[in-house]
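Remarks on the structure that follows.
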Amino acid sequence: MNHDDLNGWAKRAADWVRDYHAGLRDRPVRAQVAPGALLAALPSEAPEAAEPMERIFADFERLIPGATTHWQHPRFFAYFPANASPASMLAEQLANGIAANGMIWQGSPAATELELAMMGWLRGALGLPEGFAGTIHDTATTATLSAVLTMRERALAWRGLEDGLAGGPVLRLYASAQCHSSIDKAARLAGIGQRNLVKVAVADDLSMDPEALGRAIAEDRAAGHVPCGVIFCAGGTGVGAFDRIADCLPHCEGLPTHVDAAWAGSAMVCPEFRGLWAGAERCDSIVFNPHKWMGAQFDCSVQFLRDPAAQVNTLGLRPEYLRTLEGEDVTNFNEWTVPLGRRFRALKLWFVLRAYGLEGVRAKVRDHVAWSEALCERLRGMPGVEITSEPRLSLFSFALGDDAATEALLTAVNREGRVYLTQTRHAGRFVIRVSVGSWDCTEADVMEVAEAVERLR
Ligand SMILES: *Cc1c(COP(=O)(O)O)cnc(C)c1O
């Protein structure tokens, strides 16, 4: 395979992708394969001799799509979406063809400067004040880890980086129990420890109790611990909990703050939803994933920072071989993030934001929210179906009379494959989540959830 062959195969791949998307509605959403089936169909060792591309492509068609859960299926309502617009796919093809590593400015000025520009576009699009700088991570998990490492080092006056953590104070982090497991992971990996991530009590609406936050910080200080940061949940993964950030900020005692809006952040392109994260604009760090709900496909997680210097002081290293001789004042985005190497992810944001415009992105979000609400009302009207959490943006949950019946329904729905739904535990119950956000879904696709429930319950 050389570059001339690549051209022909790329055209064939583009045709394959067109047909794949055109045929998605005829496929079951969730892969209908047993664990290990694909693995057993693959040779256990790499071939010694080159194989013809015809055979490789034929095996791809034979083995891969059937063992794939189709995240771009218009009836994918599981987890959160990881939606991908056609403009994003095109940009990714170009970025793949260039295959640059944008680790430092010199490594690819285009990657760095387009990222700088896109962070400005997105900051404005989400209604955040000037003064926030931004960078792109692979995932929200890494962005949150970066924020937590920065909280740790601020609390230690940047001594942890040199000295390690042994013999240091007990650091304490605060978040509600509705926060995502990536916060737990960050507390673990940053050496703060799971038990020093304080899960602050929530009110009836699942938002963090501001008074409880203030009390927890005061008690920790009295006990000689060192509080180092507060993490807010803006769109929880279970049932879409939102902390009332503005109400909590006066109780944060000046600690650094980070907002996890991995899913819901994209909805803030619509001014009418911004009340949900009021106060985020005064926090130190915010993460949101355009790869969830903005059509800029996985992976693309944006972190806004009020003071990038704090994070760069924590994560940045500049050995001789990474210096830019022409000027040291350029932005080297690897110093803002955990990995050194970085893909050219800004390109898909540029394509998406231009190909659809902010109006196009807002229209998608508004449709998804409206259709989710309409579906919720239809399910509410069905005897035996109980809405267990009201729609937060495009996410709600429902259940049948008892856990066993709900679980049996979910299994039947996903085995049938017309729609794909997943579960969470809410208020002690097994509940089915409905999360609308696929790029190509229509209202009719969303309503198929009600039809599946009617058919299979
Ligand atoms: C999806 C999600 C994450 C983790 O996202 P990754 O980008 O996959 O790491 C974190 N927090 C929330 C609220 C999420 O919905």
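The values are calculated or read from the model by the stated rules, or taken from the named source; none is laboratory data. In this text, all values refer to a predicted model and were calculated from it rather than measured experimentally. In this analysis, Cβ positions are derived from the backbone assuming ideal geometry, glycine residues included, and neighbour counts consider all displayed protein chains. Heads up: the accessible areas ignore ligands, DNA and RNA and are worked out on the full protein's heavy atoms, side chains in. Shrake-Rupley method; radii C 1.70, N 1.55, O 1.52, S 1.80 Å.
Some observations on this one:
- Test: Arg342 is under 30 Å from Glu253 (Cα atoms) and in contact with a Gly (Cβ under 8 Å, 6 or more places away or on another chain): no
- Residue satisfying condition, being under 25 Å from Glu253 (Cα atoms), within 18 Å of the chain's Cα centre (by Cα) and open to solvent by less than 50 Å² (accessible area, probe 1.4 Å), within set Thr144, Thr150, Thr139, Thr135: Thr144
- Some residue of region 286-296 being within 12 Å of the ligand (Cβ to nearest atom) and over 30 Å from Asn96 (Cβ atoms): no
- In region 116-144, residue nearest to the ligand (Cβ to nearest atom) [restricted to those that are part of a loop (DSSP other than H, G, I, E, B) and in contact with a strand residue (DSSP E or B) (Cβ under 8 Å, 6 or more places away or on another chain)]: Thr139
- Of the strands (runs of 3 or more DSSP E) that lie entirely inside region 385-455, those containing 2 or more residues that are under 21 Å from the mean Cα position of the chain (by Cα) and surrounded by fewer than 21 Cβ atoms within 10 Å (Cβ to Cβ) span 422-426.
- Residue in region 177-188 that is touching a residue at least 24 places away in the same chain (Cβ under 8 Å), in contact with an Asp or Glu (Cβ under 7 Å, 6 or more places away or on another chain) and more than 13 Å from the ligand (Cβ to nearest atom) present: no
- Test: Val29 is under 30 Å from Gly236 (Cβ atoms) and either out of contact with any strand residue (DSSP E or B) (no Cβ under 9 Å at 6 or more places or on another chain) or surrounded by 11 or more Cβ atoms within 10 Å (Cβ to Cβ) (or both): yes
- Residue in region 159-171 that is open to solvent by less than 10 Å² (accessible area, probe 1.4 Å) and among the small types (Gly, Ala, Ser) present: yes
- Test: residue in region 75-87 that is assigned to a helix (DSSP H, G or I) and either touching a residue at least 24 places away in the same chain (Cβ under 8 Å) or out of contact with any helix residue (DSSP H, G or I) (no Cβ under 6 Å at 6 or more places or on another chain) (or both): yes
- Filter result (touching a residue at least 40 places away in the same chain (Cβ under 8 Å) and under 20 Å from Phe273 (Cα atoms)) within region 121-131: Trp121, Leu122, Arg123, Ala125, Leu126, Gly127, Leu128, Pro129
- Taking region 71-118 as the range and being at pLDDT 95 or above and β-branched (Val, Ile, Thr) as the test, the residues that pass are Ile98, Thr112.
- Options Cys283, Cys248, Cys252; residue that is more than 16 Å from the ligand (Cβ to nearest atom) and within 25 Å of the chain's Cα centre (by Cα): Cys248
- Ala87 being more than 16 Å from the ligand (Cβ to nearest atom), in contact with a Phe, Trp or Tyr (Cβ under 6 Å, 6 or more places away or on another chain) and farther than 19 Å from Phe333 by Cβ: yes
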